[in-house]
Amino acid sequence: MTKKISIALIGIELLMLLALVVLEYFSSYRAGIMHHLYYKKRYYLTSLYQQGWLSSHLLAILAFTLVVTLCTHGRRLELLRYGTVLLLLLFSYFLMRELNVYAHLLMVLEGCLLLETLRVLFFLPREK
């Protein structure tokens, strides 16, 4: 049962990332989508991702990383999966600001980190 839930969580993460790719693609062809994404990007960057709140995001990410590192007990696949999402998030913070879905990408990747943390905590098979 836990393996099915774990696979479902990974599928949800991939679907969210795929939806962002599709939105970015269509934003270059459809003006309404581009305007909406641009407006929301400006809104989120001035409210949720302003400099004061960014430190709390980083503290939460650090806490998630610490929990995952302590709970995996040397399981390299889980650490690799979590590390990949973490590197994508750090890469996105600094190098993908030009994308129309930039703020949404940050939210989705932070959500993926949260889902990976929950997967490690609750749905990872325990060693006996």
All positions within region 77-105 that are farther than 24 Å from Thr46 by Cα and among the small types (Gly, Ala, Ser): Gly83
Select from region 34-59 the residues that are open to solvent by less than 100 Å² (accessible area, probe 1.4 Å) and touching a residue at least 40 places away in the same chain (Cβ under 8 Å) and list them in ascending order. Met34, Leu37, Lys40, Lys41, Tyr44, Leu45, Leu48, Tyr49, His57
Does region 1-30 hold any residues that are basic (Lys, Arg) and touching a residue at least 40 places away in the same chain (Cβ under 8 Å), and which are they? Lys3
Out of Glu78, Glu24, Glu13, sole residue that is outside the structural domain of Leu118 (by the TED database), under 15 Å from Arg119 (Cα atoms) and surrounded by 15 or more Cβ atoms within 10 Å (Cβ to Cβ): Glu13
Sole miss for Arg119 among (1) closer than 23 Å to Ile10 by Cβ; (2) open to solvent by 40 Å² or more (accessible area, probe 1.4 Å); (3) at pLDDT below 85 is condition (2)
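The values are calculated or read from the model by the stated rules, or taken from the named source; none is laboratory data. This is a predicted model, so every value here is computed, not measured. With ideal geometry, Cβ positions are generated from the backbone for all residues, glycine too; neighbour counts draw on all protein chains shown. When the accessible area is computed, the model is the full protein with side chains, heavy atoms only, and any ligands, DNA or RNA have been set aside. Shrake-Rupley method; radii C 1.70, N 1.55, O 1.52, S 1.80 Å.
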